[in-house]
1. Considering only the stretch 26-34, I want to know if a residue exists there that is out of contact with any strand residue (DSSP E or B) (no Cβ under 8 Å at 6 or more places or on another chain), of a type in the set (Ser, Thr, Tyr), free of Cβ contacts under 8 Å to residues at least 12 places away in the same chain and part of a helix (DSSP H, G or I).
2. Quick check, is Leu29 at pLDDT 90 or above and touching a helix residue (DSSP H, G or I) at 6+ places or on another chain (Cβ under 8 Å)?
3. Go through Glu23, Glu52, Glu69 for me and flag whichever is without any contact (Cβ under 8 Å) to a residue 60 or more places away in the chain and not in a loop (DSSP other than H, G, I, E, B).
4. If Gly84 satisfies all but one of (1) loosely packed, with under 10 Cβ neighbours inside 10 Å; (2) not in a loop (DSSP other than H, G, I, E, B), what's the number of the condition it fails?
5. Name the single residue that is surrounded by the fewest Cβ atoms within 10 Å (Cβ to Cβ) among those in the stretch 36-79 being of a type in the set (Lys, Arg) and at pLDDT 85 or above.
6. Looking only at residues in the stretch 1-20 that are loosely packed, with under 10 Cβ neighbours inside 10 Å and in a helix (DSSP H, G or I), which one is nearest to the chain's Cα centre (by Cα)?
Amino acid sequence: MKEINLDVLHDAAHRLLFDMSEEEYATLLQEFDVLTKQMETIGRIEGLENFEPMTFPFDCTTTYLREDEPSVPLDRDLALSNAGSVQDHQIKLPKVVG
């Protein structure tokens, strides 16, 4: 694993286009030291490689959601009548990417 030091933190901050005070960098470096030690401790657990990584801690079944009821789709002309700008039977939106 790559060693985390002040130079690495400064470089990462520069690449992400933000800066922090030297006190904040020092605090972040201390937090990385704690995290690194915790990861090393976890890495020393025997038999850890025999377990599958957990991707989500909770069961994702959705038994509490309502069932969709079949319905008739909204008429296109009626839906487009509510739009501010229409072009070729589609809602025209302003350009958001320059």
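The values are calculated or read from the model by the stated rules, or taken from the named source; none is laboratory data. All values reported here derive from a predicted model rather than from experimental measurement. Cβ: placed from backbone, ideal geometry, glycine included. Neighbour counts: every protein chain shown.
1. Scanning the stretch 26-34, I find at least one residue that is out of contact with any strand residue (DSSP E or B) (no Cβ under 8 Å at 6 or more places or on another chain), of a type in the set (Ser, Thr, Tyr), free of Cβ contacts under 8 Å to residues at least 12 places away in the same chain and part of a helix (DSSP H, G or I), so the answer is yes.
2. When the stated conditions are applied, Leu29 passes them.
3. Matching residue, one of Glu23, Glu52, Glu69: Glu23.
4. Condition (2) is where Gly84 drops out.
5. Here the answer is Arg44.
6. Arg15
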